[in-house]
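In what follows, a single structure is set out as structure tokens and then discussed.
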Amino acid sequence: LRLGLVCAELGYQQARGDLVRMADDALRAAGCDPDATGSAADQRTAVHPLLPRLLGQSAGSRWQQGDIDGAERRAGRAMALADHLGDPLLGREACEMIANTAQFSGDLPRAAEYGLRSAELSRAAGDDATLVMAMTDLVIIAAYAGDDATAARYEAEVTALADRMGSSIARGWADYAAGERRAEIGSPDAAPFLERAASVGGRGRRAAASSS
């Protein structure tokens, strides 16, 4: 499950189908059918604490492929498993994915609700990697809602977090958020941020390809 979680995260961030399949294989090996339509069978499985995290993270590849309903089902099951285990922190990836599916569907209030929930849970868990994603979502959601003041505040937070982490991937997400926010208000400063974000993403995909 630990390796599956890494595969799910990288598969989502780098659009790697092979890694996504490995993550789904890890779920099946743990007795969890990733494509089941309900959560009842999940709770009869000998549940490991990483299972709801992996199931939630795996929802990302579904919405990237346009399967919003499938992503919502996986995320919902992950949150139900976290509740079943009595640890809502295990649902932080699932909340972040619902923020994305809601945004993709145009439901910005729901997207903001789940983005904030993911950020809160990630902070409580000390999980900076998921927090970066949640804060990136919140910048973009606020920008798309026309609330630039809130978007700017979230941007400052995710930029400071990425700087503290010292991660090029985190920095790329912060730049992406900053670029999207500026694009929404018609700022000519958007392009350099988006170019830097795309450069980081391209380097990550090339590195992954060269090591496979």
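With the simple spin-label model, which puts each label point 7 Å out from Cα in the Cβ direction, the ALA156 to HIS48 separation comes to 4.2 nm. Looking at the stretch 1-109, the accessible area is 43 square angstrom per residue; that uses a 1.4 Å probe and ignores ligands, DNA and RNA.
Per q in 0.17, 0.22, 0.33 1/Å, what log10 I(q)/I(0) does a Debye calculation on the alpha-carbon atoms of the stretch 94-138 return? Values, matching the q order: -0.36, -0.57, -1.10. Sorted on the mean count of surrounding Cβ atoms within 10 Å across their residues, most packed first, peptides 91-99, 154-162, 15-23, 183-191 read 91-99, 154-162, 15-23, 183-191. May I ask for the angle, rounded to the nearest 10°, between helix 168-184 and the longest principal axis of the chain, with both axes built from Cα atoms and the value confined to 0 to 90°? Between the helix axis and the principal axis of the chain, the angle is about 60 degrees. Considering only ARG28, ARG182, ARG62, the mean-square fluctuation computed in a Gaussian network model of the chain, springs between alpha carbons under 10 angstrom, is largest for ARG28.
Computed from Cα positions, the angle between helix 190-211 and the longest principal axis of the chain comes to roughly 40 degrees.
Rounded to the nearest 10 degrees, the inclination of helix 108-125 to the longest alpha-carbon principal axis of the chain is 70 degrees. Mean silhouette area of the chain, derived from the convex hull of its C-alpha atoms and averaged over all directions, reads 11.1 nm². Candidates CYS32, MET133, GLY146 compared by Cα position along the dipole of the chain: farthest toward the positive end lies CYS32, with charges placed on Cβ.
The values are calculated or read from the model by the stated rules, or taken from the named source; none is laboratory data. Remember, it's a predicted structure, so these values are computed and weren't measured experimentally. Reconstructed Cβ throughout: ideal geometry from the backbone, glycine too, with neighbour counts over all protein chains shown. Side chains are part of the model used for accessible areas, which takes the heavy atoms of the whole protein and leaves out ligands, DNA and RNA. Shrake-Rupley method; radii C 1.70, N 1.55, O 1.52, S 1.80 Å.
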